[in-house]
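Some notes on the structure that comes next.
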Amino acid sequence: GGFSGPVPDAELLVRWTQNGIFSPRCVMNSWKAGGETNSPWLHEEAIAPIREAIRLRYRLLPYLYTLYRQAAAAAEPWLRPTFFDYPDDPRTFDDCDDFLCGSQLLVASVVDPGVRMRNVYLPLGPACWFAFDTGSRYAAGDTARIDAPLERIPLFCPAGAMVPMTDTTDHSRLTDEPSRALLLFPAPGASTSTFTLYEDDGISLAYRDGQYTEVTFEMTTSADEVHVRATATGPYVLPYSEIRVVTATDDPRPLVLDGRGIGLTP
């Protein structure tokens with residue numbers, strides 16, 4: 001809600017938090033001349049949407065932890081403008097508040113007061129785009145008119161995206177939740193895409209000695225099926241034995257799963 005300056009109202013605190021959960025450093029703190037402190041419970045009406053935003057960040061930790069690894073190992077920025085991934089689309093160079101969180105998520109934060117619908121430009125490049133929460137499909141290269149009530153974060157995935165998450169509704173265990181789900185956003189036609197999930201113990205420096213495991217997902221789509229292969233490589237013993245695979249759209253094609261070193265379940 002702003003480190004200094006006026007105390008944020010409920011709407012600003014919610015929108016700021018919804019944006020901040022996609023930052024590498026996600027911290028709510030502040031200094032106010034009057035001694036007030038920004039907190040999720042600063043405004044009672046803001047508590048529920050802020051709670052859901054924070055829960056989403058925790059559920060995304062497998063994906064976000066992988067982005068930390070990509071940044072450290074390959075200097076690939078976690079937060080990046082849309083032209084980073086779609087440089088052939090000249091409209092991605094326009095001034096814009098939207099950004100990519102890794103390659104799999106486009107975040108279209110609400111940055112103006114009172115806004116409950118907003119226009120979102122979805123770059124050319126992928127076959128199409130999908131809303132993360134509903135699976136609704138949008139054309140690439142179009143500006144979509146999107147519902148943005150206070151409790152919703154406008155969030156999109158390119159066709160072919162795969163987003164690893166935790167797989168639980170038990171919100172009492174968040175930071176070290178071992179379950180995994182893979183959300184699929186299959187391209188409508190024939191395509192192939194990949195994503196590699198990075199796992200280590202999250203505590204020690206043993207990864208420096210190679211104690212980590214990578215799970216590479218390959219999704220191949222055709223007119224007849226959506227085929228997902230997962231291959232686990234590395235000496236780190238994963239805290240889970242299987243990953244649940246979920247098609248996050250209304251794609252009618254059957255799902256064919258092939259796990260190598262890791263189980264895949266629908």
Please give the FRET efficiency for Phe3 paired with Arg260, using the beta carbon to beta carbon distance and R0 = 51 Å, rounded to the nearest 0.05.
0.60
Under 5 Å, built H, 5+ apart or other chain: amide partners of Ala161
Phe185
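Evaluate Rg over Rh across the range 118-220, taking Cα atoms for both radii and Kirkwood's formula for Rh.
Working: Rg = 16.9 Å, Rh = 16.1 Å.
Checking Rg against Rh, the ratio lands at 1.05.
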For the range 69-126, place one equal point scatterer on every Cα, skip the solvent, and apply the Debye formula. What is log10 of I(q)/I(0) at q = 0.31 Å⁻¹?
-1.32
Accessible area, 1.4 Å probe, largest first: how do Asp133, Asp200 sort?
Asp133, Asp200
Let me test this: with uniform point scatterers at the alpha carbons of the range 21-67, what is the Debye-based log₁₀ I(q)/I(0) at q = 0.33 1/Å?
-1.18
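So between Ser23 and Ala190, what do we pick up on full extension, going 0.36 nm a residue minus the alpha carbon distance?
Details: separation 167, 0.36 × 167 = 60.12 nm, distance 3.33 nm.
Answer, rounded to one decimal: 56.8 nm.
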In percent, what relative contact order does the chain have, based on Cα pairs under 8 Å that are 6 or more apart in sequence?
14 percent
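Where does each of Thr134, Thr92 land when they are ordered by accessible area, with a 1.4 Å probe and the largest first?
Thr134, Thr92
Per Stokes-Einstein, at 20 °C and 1.002 mPa s, what whole-number D in µm² s⁻¹ belongs to the range 1-134, with the Kirkwood radius over Cα pairs as the hydrodynamic radius? Each step should come with its number before you reach the end.
Numbers: Rh = 16.5 Å.
Answer from the Stokes-Einstein relation: 130 µm²/s.
Quote the relative contact order of the range 85-158 in percent (integer), defining contacts as alpha-carbon pairs under 8 Å separated by 6+ residues.
Values: 126 pairs, mean separation 24.9, N = 74.
That works out to 34 percent.
When averaged across all projection directions, what area in nm² does the alpha-carbon convex hull of the range 164-263 cover? Could the numbers behind the result be given before it?
Numbers: hull surface 27.6 nm².
Spelled out: convex hull of the Cα atoms, projected over all directions, averaged, 6.9 nm².
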In units of 2.2 N^0.38 Å, the Cα radius of gyration of the range 81-168 is 1.05
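For the chain, which whole percent of the accessible surface, found with a 1.4 angstrom probe, sits on carbon and sulfur atoms?
Answer for the chain is 52 percent, counting heavy atoms of protein chains only.
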Give the accessible surface of the chain per residue, rounded to a whole number of Å², with probe radius 1.4 Å and ligands, DNA and RNA excluded.
49 Å²
Rounded to the nearest 0.05, what FRET efficiency do Arg229 and Met117 give with R0 = 41 Å and r taken as the Cβ-Cβ distance? Could you check?
0.55
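After finding the eigenvalues of the alpha carbon gyration tensor for the range 205-266, what semi-axes result from the square roots of 5 times each, listed largest first in whole Å? Provide the component values of the computation, followed by the final result.
On the way: eigenvalues 159, 23, 17 Å².
Here the semi-axes work out to 28, 11, 9 Å.
Write down Rg/Rh for the chain, rounded to two decimals, with Rg from the C-alpha atoms and Rh from the Kirkwood relation over Cα pairs. Let's see the in-between values first.
On the way: Rg = 19.2 Å, Rh = 19.7 Å.
Result for the chain is an Rg/Rh of 0.97.
Considering only DSSP beta bridges whose two residues both sit in the chain, what percent are antiparallel, to the nearest 5?
Working: 40 of 53 bridges.
Counting only bridges with both partners in the chain, antiparallel ones make up about 75 percent.
The values are calculated or read from the model by the stated rules, or taken from the named source; none is laboratory data. Just so it is clear, the model here is predicted, and its values are computed rather than measured. Methodologically, a virtual Cβ is constructed for each residue, glycine included, from the backbone with ideal geometry; neighbour enumeration extends over all protein chains shown. The accessibility values were calculated without ligands, DNA or RNA, using every heavy atom of the protein model including side chains. Shrake-Rupley method; radii C 1.70, N 1.55, O 1.52, S 1.80 Å.
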